[in-house]
Amino acid sequence: MIEKIESGLGPVGVAGCGRMGAPMARALIRAGFDVAGLDILPAQSFGDLAPHMSTADEFVAGRRVVLSVVRDAAETEELLFDDQALLSRQPSAIEILLICSTLSPRYVADLRARVPATVTLVDAPMSGAAISAEEARLSFMLGGAEEVLDHLQPLLDAMGDKFHRMGPYGAGMTAKVLNNFCAASSTAATRTVLRWAERLGVDEGRLLAVLNDSSGQNWLASNFSRVEFARDGYSPDNTVGILAKDLLSMFDALPEEEARGLPAALLETIRNLKPIA
């Protein structure tokens with residue numbers, strides 16, 4: 001059963017104003033939405049967004065639609081139930097909660113029983129890296145009732161240009177972790193052949209041009225000069241680390257035997273990536 005949603009989206013909140021959340025908030029502000037941000041860092045850390053940052057009490061009292069853009073399940077727990085405890089603060093105006101972080105589909109499904117029935121849940125993970133968030137060109141994978149997604153479309157249009165409605169709540173997150181397996185595969189392959197090219201005396205730029213025009217084409221290679229993490233090595237706290245985290249989110253949804261072999265080797269490769277100059 002779908003909860004009744006009032007007409008009009010009303011004030012919007014972005015919880016987690018990091019490398020993805022901050023440009024998403026800016027895109028919504030540019031589109032004319034009434035936006036408040038929430039983060040564990042002090043408001044003055046956010047430059048032009050500082051006037052829009054709020055406390056947890058102010059946030060829940062004023063936001064009808066909330067986007068959760070925190071890093072992982074642990075931070076989602078802190079946001080919803082523990083430190084910020086958005087779902088237990090009163091009075092709360094939250095009607096719709098969009099889970100935009102990439103999390104285990106199993107964890108996302110379990111949230112439905114833990115979130116008050118008065119809050120409509122939508123899974124809305126996105127793809128495109130920070131550059132796409134800055135340019136409002138994100139690709140969203142959506143899970144939720146059609147009428148709810150129709151209601152949210154103006155908000156989504158402000159942040160992205162590709163929208164894939166995957167089915168009921170949870171289907172968007174499942175699609176995202178599967179997509180990220182392909183993303184991790186192409187990241188590992190592209191970075192590996194660039195390392196080999198250096199050893200074999202092939203120019204990096206010329207090889208990237210070949211990959212862009214030929215059968216080795218992939219998102220990272222075609223956007224190598226624009227993607228902010230393209231040359232990074234693995235660190236648990238950077239984007240390559242997030243890619244590894246996303247693989248673990250997929251593993252959590254798979255039967256144990258499916259996570260062996262290639263998936264496990266891919267995770268090891270990502271964790272062994274070194275920075276390139």
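The values are calculated or read from the model by the stated rules, or taken from the named source; none is laboratory data. These figures come from a predicted structure and were not determined experimentally. For neighbour counting, all protein chains shown are included, and Cβ atoms are generated from backbone atoms with ideal geometry for every residue, glycine included.
Tally up the residues in segment 131-144 that are surrounded by fewer than 19 Cβ atoms within 10 Å (Cβ to Cβ) and over 21 Å from Gly13 (Cβ atoms), please.
4
Can Leu207 be described as out of contact with any Gly (no Cβ under 7 Å at 6 or more places or on another chain), outside the structural domain of Leu149 (by TED's automatic domain parsing) and free of Cβ contacts under 8 Å to residues at least 60 places away in the same chain?
yes
Might you let me know whether segment 157-168 holds any residue that is more than 30 Å from Gly32 (Cβ to Cβ) and under 20 Å from the mean Cα position of the chain (by Cα)?
Checked segment 157-168: at least one residue is more than 30 Å from Gly32 (Cβ to Cβ) and under 20 Å from the mean Cα position of the chain (by Cα).
For Ala183, are the conditions met, namely being crowded, with 18+ Cβ neighbours inside 10 Å, small (Gly, Ala, Ser), modelled with pLDDT under 95 and not assigned by TED's automatic domain parsing to the domain that holds Thr120?
Yes, satisfied.
Please indicate, with yes or no, whether at least one residue in segment 254-264 is part of a helix (DSSP H, G or I), surrounded by 14 or more Cβ atoms within 10 Å (Cβ to Cβ) and among the aliphatic types (A, V, I, L, M).
yes
Being surrounded by fewer than 22 Cβ atoms within 10 Å (Cβ to Cβ), among the basic types (Lys, Arg) and within 30 Å of Ala253 (Cβ to Cβ) narrows it down to one residue among Arg89, Arg71, Arg63; which is it?
Matching residue, one of Arg89, Arg71, Arg63: Arg71.
Considering each of Ala158, Ala230, Ala117 in turn, give the residue that is of a type in the set (A, V, I, L, M, F, W, C) and not in a loop (DSSP other than H, G, I, E, B).
On the way: Ala230 fails: not in a loop (DSSP other than H, G, I, E, B); Ala117 fails: not in a loop (DSSP other than H, G, I, E, B).
Answer to the selection: Ala158.
Tell me the helices (runs of 4 or more DSSP H) entirely within segment 6-112 that contain at least 1 residues that are among the charged types (D, E, K, R), over 22 Å from Gly170 (Cβ atoms) and more than 21 Å from the chain's Cα centre (by Cα).
Those helices (runs of 4 or more DSSP H) span 56-62.
Here's the yes/no breakdown for (1) at pLDDT 95 or above; (2) within 19 Å of Ile96 (Cβ to Cβ); (3) not assigned by TED's automatic domain parsing to the domain that holds Gly160:
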residue: Ser7; (1), (2), (3): no, yes, yes
residue: Gly16; (1), (2), (3): yes, yes, no
residue: Ala25; (1), (2), (3): yes, yes, no
residue: Leu28; (1), (2), (3): yes, yes, no
residue: Asp34; (1), (2), (3): yes, yes, no
residue: Ile40; (1), (2), (3): yes, no, no
residue: Ala50; (1), (2), (3): yes, no, no
residue: Arg63; (1), (2), (3): yes, yes, no
